[in-house]
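To start, the structure itself, in structure tokens.
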Amino acid sequence: MVSSRDENFRLTPMTIDAVSEICVQTLTEAGADKKDIIRIRLSLEEILGVWLESLAGALVHVDCGQKFGRAFLKISVDGPAIDPWDDEALILSSHMLSQAGLSFTYAYKNGKNCLVCNPKKRKSSMGQVAVLLCAVFLAVFLGSAMRRSPAMQTAALSVTEPLFNMILGALRAVSSPLVFLAVCCGIVSIGDLTVVGRVGKKLILRMIAGTFVLGVVMALVGCLLFPIAAEAGNEISGNFREVYQMVLEIVPTDIVSPFLNGNALQLVFLGICVGAALLILGERVSAAQNTLLQVNEAVQFLMSVLGKTIPLFVFLSLFNLILSDFDSGFSSLFKVFVIVVPGCFILTLFYVFVAAVRLKVSPVLLMKKMLPTYLIALTTASSAAALATNLETCVKELGIPKKIADFGIPLGQVLYKPGFVVGLFSLALCMAESYGIPITPLFLFMSVLTVGLLSMALPPIPGGALSVFTVMFAQLGVPSEALALAVAGNAILDFFMTAAGVACLQVQVTLAADGVDMLDKNRLKRSVS
């Protein structure tokens, strides 16, 4: 329970300490992670320091407590508008906070500079897995029992199928705008184009290229592990025209239809165009940027609420599946595990050895330096939980300049998810095989394009993966019944995919720093401190 406080101060250096202590107490009572509390306290002190330079002695009002079961912290300072995010140094802090799920929202209202924070409780990934496993076992037990009685089977389906369709409809309604906003706000959150600079452009291009190259590799692996539907010569010509037409149709004819149809490629294209336009125009469209970010917060909140129904959704879908076709679905899920778990380990080792060869450093030493961050990601399935250790490792152990690490790691955790490319691609192929969808060259091409874009648009919120599965399966023609299997499998695979993504990101940022001759190779080759 968060204690309610309503206090006034005058803005002085001593006030900054007092307000930061209140912030720490509120976050602690809200159950936030200790590392996240430290990061948000430092950011708050930096913001108040910026305001102190121009608003010394101004009235500071601190209000905190709990509304509708959610903790809140609001700090307002009287005076002219001073947006803290106009400071480039604080923009980087904003990236870090958003990754931790503990960001401040700034607004200027009634002559007051207002900061609002809604801290989130620390969540145990293993606890979420346990709930999902309970839903799976309960669905298997009840479904298997009711298969013995046709009457009970019919009665149960008459109740569960409409409920499943209702939840699925709600997920589809939210998932389309969520993907668009995730891409658009991800671009806008970069800040100013000057922040990106030469290193940022190189790093972003490396991440995008790495994502699609990995998609092509997964397509080649799919050709070895799955039966590829044969096509006649005249069909190849038709497929080329179909692919060409599909590429042209990435540009939508109107703004509304991509959201109504859930067309992933068009949604991502729109998000890139709108985000890039807002980023280039900068201050001229600051109101539009703020509105977009606020809408994104609202949609993410809706998805997080819907995310709480995931165990029920998994139960309903598996229950219905067991009553109809028990064996094929679970055998496909087992095949996903067989591909993804070794695939993530192989991907990580490949990146480590490539970096070792290019940087002329021992791969064993490189693995030792990266191991702490990898283990945190592997045991928590959270790149946010590993963020602090990740940044520390990059600077102190890998020799990456702090300004590159502070920009590249938070941005990469949003944009670059190679582990999820492996997972999403494997799920797409296994579910297509399970439901009798021919795996053709056209299907593989579509999968490379769709998985690559959606992996970069994956929202880092509860239920975010489910929204991506919904859009991906709709794009590839996979039945919605496969969603439950995908979500159930993702609960376990998320640990391996996240760990692989964090490790590969460290390598990409290291190589990008080396590419512009800013990597401290002496520190990189030094033994583990």
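Observations on the model:
- Charge tally in the Cβ shell below 13 Å around A182, where Lys, Arg are +1 and Asp, Glu are -1, A182 excluded: 0
- Along the stretch 43-58 the Karplus relation, 6.51 cos²θ - 1.76 cosθ + 1.60 evaluated at θ = phi - 60°, assigns HN-Hα couplings of 5, 4, 5, 5, 5, 5, x, 5, 5, 4, 4, 10, 10, 4, x, 5 Hz to successive residues, with x for each Gly and Pro.
- The stretch 1-70: mean projected area of Cα convex hull, nm²: 4.6
- Which of L359, P342, G452, positive extreme of dipole for the stretch 329-463 (C-beta unit charges): L359
- For the stretch 70-76, Karplus couplings with θ = phi - 60° (6.51, -1.76, 1.60), whole Hz, Gly/Pro x: 10, 6, 9, 9, 10, 10, 10
- Flagged links, alpha-carbon separation over 22 Å, of K368/K521; K109/K403; K202/K402; K403/K521: K109/K403
- Only alpha carbons enter this Debye calculation for the stretch 347-443, each as an equal point scatterer, and the log10 of I(q)/I(0) it gives at q = 0.12, 0.16, 0.20, 0.21 Å⁻¹ is -0.52, -0.79, -1.05, -1.12.
- Set of lysines near K34 by C-alpha distance (under 21 Å), chain-local residues within fewer than 8 positions excluded: K74, K120, K121, K123
Read-outs throughout are calculated quantities, based only on the coordinates presented, and are distinct from any laboratory measurement. Just so you know, these numbers come straight off a predicted model, no measurement behind them. Cβ atoms come from the backbone with ideal geometry, glycine included; neighbour counts cover every protein chain shown.
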